[in-house]
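Just below is one structure, and these are the notes that go with it.
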Protein chains: 2
Amino acid sequence: MTDRSPSEFWAQRQGLRSRPLAEAPAPDLRQERCSWTSPGSAQEPVAMKSNEFPTRTLYASRYCSDDRRRTDVFELLANSSGARRGRLHTGHGIVETPAFMPVGTAASVKAMDPGIVEELGARQIVCNTYHLYLRPGHRLIRELGGLHRFMGWSGSILTDSGGYQVFSHRSLLQLSDEGALFRSHIDGSRHLLTPELSVEIQRDLGSDIAMVLDECPPYPCSEEQAQSAVARTTDWAWRSKAAFEALAESGNESQFLFAIVQGSVYRNERLRSLEDLLKLDLPGYAIGGLSVGEPPELMLRTLEWLVPEMAVSKPRYLMGVGRPIDILESVARGVDLFDCVLPTRLGRNGAAYTLEGRLNIKNSRFKRDEAPLEPFCDCSTCQRFSRAYLRHLFMSKEILAAILLTTHNLFFYLRLMKRVRAAIEEGCFSRFYEDLVPRLAEPHGN
Amino acid sequence: MTDRSPSEFWAQRQGLRSRPLAEAPAPDLRQERCSWTSPGSAQEPVAMKSNEFPTRTLYASRYCSDDRRRTDVFELLANSSGARRGRLHTGHGIVETPAFMPVGTAASVKAMDPGIVEELGARQIVCNTYHLYLRPGHRLIRELGGLHRFMGWSGSILTDSGGYQVFSHRSLLQLSDEGALFRSHIDGSRHLLTPELSVEIQRDLGSDIAMVLDECPPYPCSEEQAQSAVARTTDWAWRSKAAFEALAESGNESQFLFAIVQGSVYRNERLRSLEDLLKLDLPGYAIGGLSVGEPPELMLRTLEWLVPEMAVSKPRYLMGVGRPIDILESVARGVDLFDCVLPTRLGRNGAAYTLEGRLNIKNSRFKRDEAPLEPFCDCSTCQRFSRAYLRHLFMSKEILAAILLTTHNLFFYLRLMKRVRAAIEEGCFSRFYEDLVPRLAEPHGN
């Protein structure tokens, strides 16, 4: 520990005080440093930069011998201590990874103008098949030119399959091999979500990345439950792929379908799920069924033995994760993509992330506090408003409170990812990780 | 009527299609055309440009022979058919009049980032003494550097006296010559709002224009009620002025205190109120107690005989008005300043102003409508989003619906004022008025 504040420390270290993070251009790693990604050396093994983080290694697994550095959708640029620096090539632009995707459930990142989401540096958001299927309907969105045009978002969009919402809304009526029968939370109407329908909806939405329908068991669940969910998830993944390919001719050439590994926290089930799904040879693999209530340590242990078995050349997406600390820990274990409602939801509820911990703006100690939410933060909220004003807005139930806190929280997440990427590029992720972990422990700022 | 759509018509007429209204620089009228405002001719009478709008004339009244063209706070630049083009000089910038002031009740124009309010072209907003006194408290705001700094608004601020809210919240417990005893709508606590306290609060807030505390009777009210309210309002105005002057030494040299004329719709009472208040020689005069439920025609008739009696050299502010049509009609009768919650409140409730009438975005006929809220509108909402998307956001209760509709509505109001000012400058207000009145009749777009 130094006597500088954590935010000063990071600001100085990253040399980012004087320019907003969102404006810093991403270096062209392929040109500048990563000669091993040039076409002539495409089959070269990934060179580990150092041994500074010895517990995690990046290697081609026994299940997947694929050691290509570049697929259609993903390019692996560098790694540092198990963390990977990559690039997702989507139909709506490049996404530098590790990346955090803000969640725009019903075609809106809550309380945010899409122009601001873009300014904050987000390049890919997650939208929700379940919600958009029920309202306003996927066919309507297709008629209106697809989801990007509908919601005025020119960046990349990943849509989930709707499975998670069907399970988590407690609206599930009946689960069978055919699909999930559920009751709409809007009007009580009954719908059967099948793998084929989910793919069709996501095709109509025109997202850049679609997810297969999976069965996501709760935590805790028995090994038998996990086993059954894995089997069904594999079966549904094959059906999804078949449906996806059958629809491929009808437009959106650039959409990619990602698989989802299930298996709860059972090693055998997870590895079997992965092994089965790798046979589909899909361009990306997600890890589902984590961050559903299990202790964070258990999630991380699961990642430790699961991620190294995943394809090196393909993006790894940890669904619904999570807190900044979870993201940092998961990046250290080789994960590339994240999404979570926390920064937006907590923002609406009056909580703000800072490098000194999470703070709750309702707290009366902020009543006269002239400081910004987070000292030295470059976001447009911290540059203009005091905690005292934000507290007043929140206590007065002003919509502006949600806008300004969400802006800050998304900035916090996206800045974290930018610094993570820089640390990997510079080969110093291990030091970055060790410095940051104690500062992201939360909540202690309340 | 032409066969062009009204919005096309106005767009073409005003030559404003290709540039946002907010960016068009205001011409320096004093230099370019209005030689009668030059220092040497300050005592010259206002030259009526034409007789095109013969029913209203601008003249110095029998109560006020003041025909100066420039006071400390106000400068009269031009007039056309009874409508006045002026300029308010405040401690936080110039406000071109006729002007509409968005309402920021609790130190936030609801659902709006102050940066956007400024981008939309607002130069002065109205904040609320009643609300800010109760929460977070005027002393706290003073401690934190005043209202401008607190809320991050660098433009001008007018604060009302709190009287209207005390009466309209049905929280009034007892009204006496001393002041208004009321119960807080937040925590039920009891407070006595006196003219002196109101001035003190507004001093602490540091607004650019403060209003005297007045008694605002409901509509309908008896002539005796009106008479009593006028007498009390006059008494309170003298006390307000004394308190204001006593506090003048303690900072904020640039704050101005405006009087409020009461008298309901009774001619004798209104004229008596005006005559009494003119003796205070305050720098601005407001018309209170209108738009409180009386038929719009009655309000306009009241303005017709009241406004010509008001001081020519001083700004005239019609409080709480109103619909676009009311504003246009009142400008035609010589009013300079307006404020109203309609554009923000209706925006949050799903209503949008257009030159083809008001539309309610909830209406199912917009479900597949790819058009913007208002064709040819240059606002950031209409430039980017369809009615179908806005309807979806509203039906999904997304905060973004409130943000985008409020943005459009404020743009609509501020664009109207910009065109009003241009028409007066060009001496063609009468034609402008006649063309626009039928188009502002509402609601017919639902």
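Points to keep in mind about this one:
- Applying the criterion of being open to solvent by 10 Å² or more (accessible area, probe 1.4 Å) and touching a Phe, Trp or Tyr at 6+ places or on another chain (Cβ under 8 Å) to the residues of the range B:71-91, the residue that is farthest from the other protein chains (Cβ to nearest Cβ) is B:Asp72.
- Any chance B:Thr344 is in contact with a Lys or Arg (Cβ under 6 Å, 6 or more places away or on another chain), within 11 Å of another protein chain (Cβ to nearest Cβ), open to solvent by less than 10 Å² (accessible area, probe 1.4 Å) and in contact (Cβ under 8 Å) with a residue 12 or more places away in the chain: yes
- Residue under evaluation A:Val331, criteria (1) in contact (Cβ under 8 Å) with a residue 24 or more places away in the chain; (2) assigned to a loop (DSSP other than H, G, I, E, B), criterion not met: (2)
- Restricting the range A:146-180 to residues that are free of Cβ contacts under 8 Å to residues at least 12 places away in the same chain and not polar (S, T, N, Q), the residue that is surrounded by the fewest Cβ atoms within 10 Å (Cβ to Cβ): A:Arg170
- Among residues of the range A:392-418, those that are under 18 Å from A:Leu373 (Cβ atoms) and more than 10 Å from chain B (Cβ to nearest Cβ), counted: 11
- Test for A:Ser364: is it within 26 Å of the chain's Cα centre (by Cα), over 17 Å from A:Pro343 (Cβ atoms) and either buried (at least 18 other Cβ atoms within 10 Å of the Cβ) or within 14 Å of another protein chain (Cβ to nearest Cβ) (or both): no
- Test result for B:Leu328, in contact with an Asp or Glu (Cβ under 7 Å, 6 or more places away or on another chain) and over 29 Å from B:Leu205 (Cα atoms): no
- Condition met for B:Glu249 (closer than 16 Å to B:Pro195 by Cβ, open to solvent by 40 Å² or more (accessible area, probe 1.4 Å) and without any contact (Cβ under 8 Å) to a residue 24 or more places away in the chain): no
- Qualifying residue in the range B:185-195 (condition: open to solvent by 10 Å² or more (accessible area, probe 1.4 Å), within 14 Å of another protein chain (Cβ to nearest Cβ), under 26 Å from the mean Cα position of the chain (by Cα) and in contact (Cβ under 8 Å) with a residue 12 or more places away in the chain): yes
- In this structure, B:Phe244 does not qualify as touching a residue at least 60 places away in the same chain (Cβ under 8 Å), open to solvent by 10 Å² or more (accessible area, probe 1.4 Å) and over 21 Å from B:Met299 (Cα atoms).
- Scanning the range A:373-391 for residues that are over 20 Å from B:Ala106 (Cα atoms), surrounded by 17 or more Cβ atoms within 10 Å (Cβ to Cβ) and within 11 Å of chain B (Cβ to nearest Cβ) turns up just one, A:Ser380.
- Pair list, Cβ under 6 Å, 6 or more apart: the range B:198-210 residue within 18 Å of B:Ala106 (Cβ to Cβ) and touching a residue at least 60 places away in the same chain (Cβ under 8 Å), other residue assigned to a loop (DSSP other than H, G, I, E, B) and among the hydroxyl-bearing types (Ser, Thr, Tyr): B:Ser198/B:Ser161
- Residues that are small (Gly, Ala, Ser) and either touching a residue at least 12 places away in the same chain (Cβ under 8 Å) or at positive phi (or both) are absent from the range A:213-225 altogether.
- Search result, residues across the range A:140-160 that are more than 10 Å from chain B (Cβ to nearest Cβ) and basic (Lys, Arg): A:Arg142
- Scope the range B:128-183; condition in a loop (DSSP other than H, G, I, E, B), touching a Lys or Arg at 6+ places or on another chain (Cβ under 8 Å) and modelled with pLDDT of 95 or more; matching residues: B:Pro136, B:Leu144, B:Gly152, B:Gly155, B:Asp177
The values are calculated or read from the model by the stated rules, or taken from the named source; none is laboratory data. What you see is a predicted model; the values in this text were computed from it and never measured. So basically every Cβ, Gly included, is an ideal-geometry build from the backbone, and we count neighbours across all protein chains shown. Surface areas here come from the heavy atoms of the whole protein model, side chains and all, with no ligands, DNA or RNA. Shrake-Rupley method; radii C 1.70, N 1.55, O 1.52, S 1.80 Å.
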